[in-house]
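The values are calculated or read from the model by the stated rules, or taken from the named source; none is laboratory data. Predicted model, so just to flag it, every value in this text is computed and none were measured. A quick note on method: Cβ atoms are made from the backbone with ideal geometry, for glycine too, and the neighbour counts reach across all protein chains shown. Surface areas here come from the heavy atoms of the whole protein model, side chains and all, with no ligands, DNA or RNA. Shrake-Rupley method; radii C 1.70, N 1.55, O 1.52, S 1.80 Å.
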Amino acid sequence: MKVIKKIDELKDVLKDFKKEGKSIGLVPTMGFLHKGHASLIKKAVSENDIVVVSDFVNPIQFGPNEDLEAYPRDINADSKLCEDLGADFIFNPEPSEMYHDKKAFVDIEGLSDNLCGARRAGHFRGVCTVCTKLFNIVGPNRAYFGQKDAQQLSIIKKLVFDLNIPVEIVACPIVREDDGLAMSSRNTYLSADERKAALCLSKAIFEGEKMAKNGASVGEVLEKMKELISSEKLAKIDYISAVDLETIKDVDNFNKDTLVAIAVYIGKTRLIDNFIYEV
């Protein structure tokens, strides 16, 4: 397993594998890898000849008051995990390697107008830009994304479809801690009390999903989830919404692939979670 920091070096290395007809899987991450990332890497290793894990804290998807500088980083631990799981390369560029002049960006209309996109100005422009660059640099057959970032996943699927990028987007299930909390690199920000309080997210998700399956309306589900989260004094709701998974527009009724998504501040830490209602 090799760590590569230069675009040209990675392209040169992968060129030989492509000539040999080997399949390439890409796992885009911002590093500080956990079991959620590990599940993506394992799937990529099982489905491809060569696996590249990008390990890059992408500055252009952070807003001016967000946690770019504080975002956790540990390339040594990431390298060990990737090697243990059978990945072949980590792509760990510096921001200056990825962005020389910052004049060209990739954006998407509509799908970024709600949920996280409505609250994090420019976030998905940064996501779309870096993913487009990674697809162009690596040229993967498949790229692996977690369902926890459901809006991001819908946006990436639409991006590759509309721009005819020849990569299969593989969605992987949410991975949770033993107590139910969705795994996130930002969980490390939580104090002991905040960590306990954060369980209100998964509690609301599990209850909302159960109610939906039992025939409750969208309004009833959202109201109950709001009630459960609001009962936690350290929690502040950013949004609780039900949207169409394809359009990310609000819905009043459960239909096939309705996404119920939440974003909640626990102290200063913003966490997200979701479930998908399937008929």
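State all residues of the range 180-196 that are closer than 14 Å to A263 by Cα and assigned to a helix (DSSP H, G or I); if no residue qualifies, say none.
Correct list: R186, N187.
If E177 passes every condition in (1) within 30 Å of D12 (Cα to Cα); (2) without any contact (Cβ under 8 Å) to a residue 12 or more places away in the chain; (3) of a type outside the set (K, R) but one, which one does it miss?
Every condition holds for E177 apart from (1).
Can you tell me which residue in the range 45-76 is surrounded by the most Cβ atoms within 10 Å (Cβ to Cβ), limited to those that are in a helix (DSSP H, G or I) and touching a helix residue (DSSP H, G or I) at 6+ places or on another chain (Cβ under 9 Å)?
First pass over the range 45-76, keeping only residues in a helix (DSSP H, G or I): 45-47, 59-61, 75-76.
Subset that is touching a helix residue (DSSP H, G or I) at 6+ places or on another chain (Cβ under 9 Å): 45, 59-61.
On the way: V45: 18, P59: 15, I60: 17, Q61: 21.
Looking at residues that are in a helix (DSSP H, G or I) and touching a helix residue (DSSP H, G or I) at 6+ places or on another chain (Cβ under 9 Å), I get Q61.
Condition (residue is open to solvent by less than 40 Å² (accessible area, probe 1.4 Å) and hydroxyl-bearing (S, T, Y)) applied to the range 193-214: is it met by at least one residue?
Within the range 193-214, one or more residues are open to solvent by less than 40 Å² (accessible area, probe 1.4 Å) and hydroxyl-bearing (S, T, Y).
Among the residues of the range 254-262, is any of a type in the set (A, V, I, L, M, F, W, C), touching an Asp or Glu at 6+ places or on another chain (Cβ under 9 Å), closer than 16 Å to A197 by Cβ and in a strand (DSSP E or B)? Walk me through it before giving the result.
Just the residues of the range 254-262 that are of a type in the set (A, V, I, L, M, F, W, C), to begin with: 254, 259-262.
Add one more test, that the residue is touching an Asp or Glu at 6+ places or on another chain (Cβ under 9 Å), and what stays is 259-262.
Still in the list and also closer than 16 Å to A197 by Cβ: 262.
Restricting the remaining residues to those that are in a strand (DSSP E or B) gives 262.
Yes, the conditions are met somewhere in the range 254-262.
For the range 6-44, which residues satisfy the criterion of being assigned to a strand (DSSP E or B) and touching a residue at least 60 places away in the same chain (Cβ under 8 Å)?
Across the range 6-44, the qualifying residues are I24, G25, L26, V27, P28.
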